[in-house]
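Below is one structure, written out as structure tokens, with a few remarks after it.
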There are 4 protein chains.
Amino acid sequence: MFQASTTAGKIFDIGLFILIVSNITLLMLESVPSVSLKYAAVFKTLDIIFLVLFSIEYLLRLYCVRSAKRYAASFYGMIDLLAILPSYMEFFYPQWHVFMIVRSFRLLRIFRIFKMVRFLDESRVLMFALVKSFRKIIVFLFFVLLLAIFLGSLMYVVEFQHNPGFNTIPQSIYWAVVTITTVGYGDVAPATAVGKIIASFIMILGYAIIAVPTGIMSAAVIQEEKKSRKKHCPHCFAAVYGKEAAFCSACGQKLDQSF
Amino acid sequence: MFQASTTAGKIFDIGLFILIVSNITLLMLESVPSVSLKYAAVFKTLDIIFLVLFSIEYLLRLYCVRSAKRYAASFYGMIDLLAILPSYMEFFYPQWHVFMIVRSFRLLRIFRIFKMVRFLDESRVLMFALVKSFRKIIVFLFFVLLLAIFLGSLMYVVEFQHNPGFNTIPQSIYWAVVTITTVGYGDVAPATAVGKIIASFIMILGYAIIAVPTGIMSAAVIQEEKKSRKKHCPHCFAAVYGKEAAFCSACGQKLDQSF
Amino acid sequence: MFQASTTAGKIFDIGLFILIVSNITLLMLESVPSVSLKYAAVFKTLDIIFLVLFSIEYLLRLYCVRSAKRYAASFYGMIDLLAILPSYMEFFYPQWHVFMIVRSFRLLRIFRIFKMVRFLDESRVLMFALVKSFRKIIVFLFFVLLLAIFLGSLMYVVEFQHNPGFNTIPQSIYWAVVTITTVGYGDVAPATAVGKIIASFIMILGYAIIAVPTGIMSAAVIQEEKKSRKKHCPHCFAAVYGKEAAFCSACGQKLDQSF
Amino acid sequence: MFQASTTAGKIFDIGLFILIVSNITLLMLESVPSVSLKYAAVFKTLDIIFLVLFSIEYLLRLYCVRSAKRYAASFYGMIDLLAILPSYMEFFYPQWHVFMIVRSFRLLRIFRIFKMVRFLDESRVLMFALVKSFRKIIVFLFFVLLLAIFLGSLMYVVEFQHNPGFNTIPQSIYWAVVTITTVGYGDVAPATAVGKIIASFIMILGYAIIAVPTGIMSAAVIQEEKKSRKKHCPHCFAAVYGKEAAFCSACGQKLDQSF
């Protein structure tokens, strides 16, 4: 059941994928009042069916794995538990608010899909590139955050007496993040002339800054793809070739394809 | 008529290009009430002229191609038919709403322009780069969608009691997509302090994520251009090298540098 | 005067640069009613001074160049003329509206600054990269425009009965451009559920599309910089090095630095 | 104390980091009226504690460094002074407005964190890439600014009679910056048909322009990483090669591959 390589394992994985996607779709529709009120009985029944199915799956997993304890303590084991356990609490606390939050826990099962998809070749290259540039991206995001705090505070000093959107520093930092990332909701916007001039410079700055993570990722993807295409010549050690090369392009010796 | 290499074929293609562009312009202007009411008679006449011309073109194509059936069943054959057939239905259902949707089908002919332009050298490199990175981009977009569903649901739990913009999960997911892609309409924006903090992190995350497809495309374009700068071996014709290679990496023969 | 290499030419260029920048600043301030009303007399005087200075410059240029005719017919000659000629028309048509448009022509002199700056080393690499990828970018932008027309029309069909923001096709195309480019003003936003779902897909698509010009430019800049750093070994022809290499890294022969 | 390499120096640095972060957090919370009114006494006490701690730090630094004068005149010395000096002025001018601006100076200490973090390996690559492409980015941003001035003025001429958002040229330039950088607040948006058409072209242009800094940064990061993967010659120490080089390109000696 845990080995995706067997046919049965694949069928199980696809079935689980369909189950999770349909459960998430159900949860989404349930949150729309006009739909959930109309088909209240249908939703209630389907909810119980999904709960039973996921409970069976959890018990099966506990039974199948070599170490039930390790599974229960693992990241995915926790998610599987969190997706079913709170639903049972509804019988004791049937208020609507609790109910919605409890339901939301089931969305955590989206991580199961992440896990399934990550074995695809394409996501492997992406994953490697992400892992390789992870620390650089984190350092960069930290700089962006510091910058947002500094620029947000600056705008606070300039605008807070004229603009209710900048009435506190955290609010101004929120505006700085919205601006630097070029999202630009417009719920908070500078009102004074000085504020607009500073904002213009922040935008142009943010425009240049967005190039940094892109450069990092580009470098990582390019290198990752190069690596998967190359091999060294065993005779002269000097050159590096594409996978399909049969002779070394530096010394002319034959290359062993199996090398 | 199908061979763009002959002079007559080129003239036909350019004529068709002008016809399609002017028809699309007409359709656009027709949708503007202030214009369409003023020149109603002109529009009506022009509409009939275009319909006749496109009908003639369709019949000509059916007559010219080797297999009329294969053309009619092809993607472009379907588009050509969809662009003219519904217009005839106006005589039977002359209501305005049906009329506008029927007209819109003609816009499908924009794909004809895509087809014409794709033979340009520039769009060929773009096309190759797109095709090569297509699967990676799709996997990436799937991850972004999963992320949007997860983050949208999270914001729903945080905001739905205080903000009508987050009153359903699909609406919150719509907000998450608007935010991660840095579009940021501002029609839905977080209102609570916790919501704004989470939103700030989502924006900074989205800022880093946008680097991924860019990295993929950069790598693809760079590789595609490298390939077009390499040379073929004059002995075995099979392999492709960098400009500075001295020996063919497929057959081991010396390469003439002046080649 | 046209040769920036002499000391006098450099001083003239810097003087002209200051003149143009201060004139543009003046024009900007003049458009702000609260400022222009207060210092009306000052502005009037400065306007006349600038007009006289630029007129002298134009006459000097006409006098200095080898062919006065060719200069007058050149792009920069036209701009220089357009920047001064309309100002004289104010005496005949002193209405305010005409006045403002006439003044705006002076802003065309910004192109003079472009011309001055383009000799810097940094802008040369940018320029080369832009020129090299120009045709590809144009083809790409044409695709984006076609896509915006198609998606705008699609949204028009979906939304036009429920949303005044999508009441005509051109307006919908405007929305599509705002969305695909991730600008997202929010002055027009989808209102129906179907519209929001389509909009979400358009945004995610636009997110992937923005990677294309970036990939093109990255490839162009990388290649442009590589070119300016490399030289070939005159002994073995096989290898390519950085500018500072003294010996060939493939055959060990000494490299002539002047080579 | 200035040497981060000793254990004591590291502890001091970490302590200072915590102190600065908690002080910045305090300043942020202080700007939120609902919080600062509730815990006014707590804030007052903590403010004094932080002031004393930072004053001690400043005096310690003055005492420890070899040249007290040079430290006091250095960038970080100025920041350290600005972070404490104005706070003492509160006793003389206790108005609230002065108070907030004075407090904001403490945020300048964020630069201290920048200084601490910049020794991390990851930020070093980023820093080098930024420094290398700094001049190019500046030239590019200057072009963007000129473009924004030109396009803003163009939109001013088109829109200023119909749209209060474009009533002055500086305001129109602000709009142009918001648009080209794809921030798109929506507080100013074109209202006329001509304005919307021009705006659409500006957006598509801005879409292509954003590729330029990204290309520059990508090239810089890729080169920076290549350099860090290269090795030094053990004979002359002067030159740097790719991993596969067989001879030193500076002194011509054979390179040991295992090196």
For this session: State to the nearest 20 debye the size of the charge dipole of the stretch B:105-193 about its Cα centre, where the only charges are +1 on K and R beta carbons and -1 on D and E beta carbons.
Result: 760
Problem set entry | 7 Å along Cα→Cβ, label-point gaps from D:ILE11 to other copies, nm, shortest first | 6.5, 6.5, 9.2
For this session: May I ask you to find the residues of the stretch B:172-186 that are shielded by at least 30 Å² of accessible area once the whole protein assembly is considered instead of their isolated chain (probe 1.4 Å)?
Result: B:TYR174, B:VAL177, B:THR181, B:THR182, B:VAL183, B:GLY184, B:TYR185
For this session: Note the buried accessible area between A and B here, summed over both chains, with a 1.4 Å probe, in Å² to the nearest 100.
Result: 4900
Problem set entry | Shielding of A:150-163 by partner chains, average beta-carbon count, 10 Å | 3
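Just the accessible area per residue of the stretch A:132-228, please: how many Å² with a 1.4 Å probe? Walk me through the numbers before you get to the answer.
Values: 2910 Å² over 97 residues.
Here the residues of the stretch A:132-228 average 30 Å² of exposed surface.
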Exercise. In the calculated pair distance distribution of the stretch D:7-116, what percentage of Cα-Cα distances lie above 18 Å?
Worked result: 51
Seminar exercise, completed: If labels are modelled 7 Å from Cα along the Cβ direction, A:LYS44 lies from its partners in the other copies at nm distances, smallest first, of 5.9, 5.9, 8.4
Exercise. Ranked highest first by the average count of other Cβ atoms within 10 Å around their residues, in what order do B:150-159, A:64-73 fall?
Worked result: B:150-159, A:64-73
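Summarise the accessible area of the stretch C:7-116 (1.4 Å probe, protein heavy atoms) by the percent that is carbon and sulfur.
That fraction is 77 percent.
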Problem set entry | Drop in accessible area of at least 20 Å² in the complex versus isolated chain, residues of the stretch C:11-44, 1.4 Å probe | C:MET28, C:SER31, C:VAL32
For this session: Quick one: with label points 7 Å out along Cα→Cβ, list the inter-copy distances for A:ILE138 in nm, shortest first?
Result: 3.3, 3.3, 4.7
Seminar exercise, completed: Yeah, the stretch A:132-228 with a ≥ b ≥ c from its alpha-carbon gyration tensor (a/c under 1.5 is rounded, else prolate when a/b outruns b/c, oblate otherwise) is prolate
Problem set entry | Accessible-area composition of the stretch C:132-228, carbon plus sulfur, in percent [1.4 Å probe] | 71
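The values are calculated or read from the model by the stated rules, or taken from the named source; none is laboratory data. Just so it is clear, the model here is predicted, and its values are computed rather than measured. As a convention, Cβ positions derive from the backbone with ideal geometry for all residues, glycine included, and neighbour counts pool all protein chains shown. In case anyone asks, the SASA skips ligands and DNA or RNA and just uses the protein heavy atoms, side chains included. Shrake-Rupley method; radii C 1.70, N 1.55, O 1.52, S 1.80 Å.
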